[in-house]
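Read through the structure below, which is laid out as structure tokens, and then see the notes.
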Amino acid sequence: MPGSARTMAVCTVGGLVVATAYTVAMGGNGWLWFSWVVLALVTIGVVAARPV
């Protein structure tokens, strides 16, 4: 995995941890989870579009 795809993956996993911690501490937030899903989809796109 190239550097940019690896960075995106790390940010996505970090965002999942933050979203989960926020949900446990403060309750659910739809916009937070929507943002994380968009970030995850962009990460999947970056990984899928990388040259083989």
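The values are calculated or read from the model by the stated rules, or taken from the named source; none is laboratory data. These numbers come from a predicted model, not from an experiment. Cβ coordinates were reconstructed from backbone atoms using ideal geometry, including for glycine residues, and neighbour counts include every protein chain displayed. Remember, those area values only see protein heavy atoms, side chains included, never the ligands or the DNA or RNA. Shrake-Rupley method; radii C 1.70, N 1.55, O 1.52, S 1.80 Å.
Does L41 meet the test of being open to solvent by less than 70 Å² (accessible area, probe 1.4 Å) and among the aliphatic types (A, V, I, L, M)? No: the conditions fail for L41.
Among the residues examined, G15 qualifies as touching a Phe, Trp or Tyr at 6+ places or on another chain (Cβ under 8 Å) and at pLDDT below 95.
Just for region 1-31: of the residues that are touching a residue at least 40 places away in the same chain (Cβ under 8 Å) and in a helix (DSSP H, G or I), which one is most open to solvent (accessible area, probe 1.4 Å)? Write out each step before concluding.
If we filter region 1-31 for residues that are touching a residue at least 40 places away in the same chain (Cβ under 8 Å), which is where we start, we get 1-2, 4-5.
Next, from what is left, pick out any that are in a helix (DSSP H, G or I): 4-5.
Numbers: S4: 78, A5: 1 Å².
If we take residues in region 1-31 being touching a residue at least 40 places away in the same chain (Cβ under 8 Å) and in a helix (DSSP H, G or I), then S4 is most open to solvent (accessible area, probe 1.4 Å).
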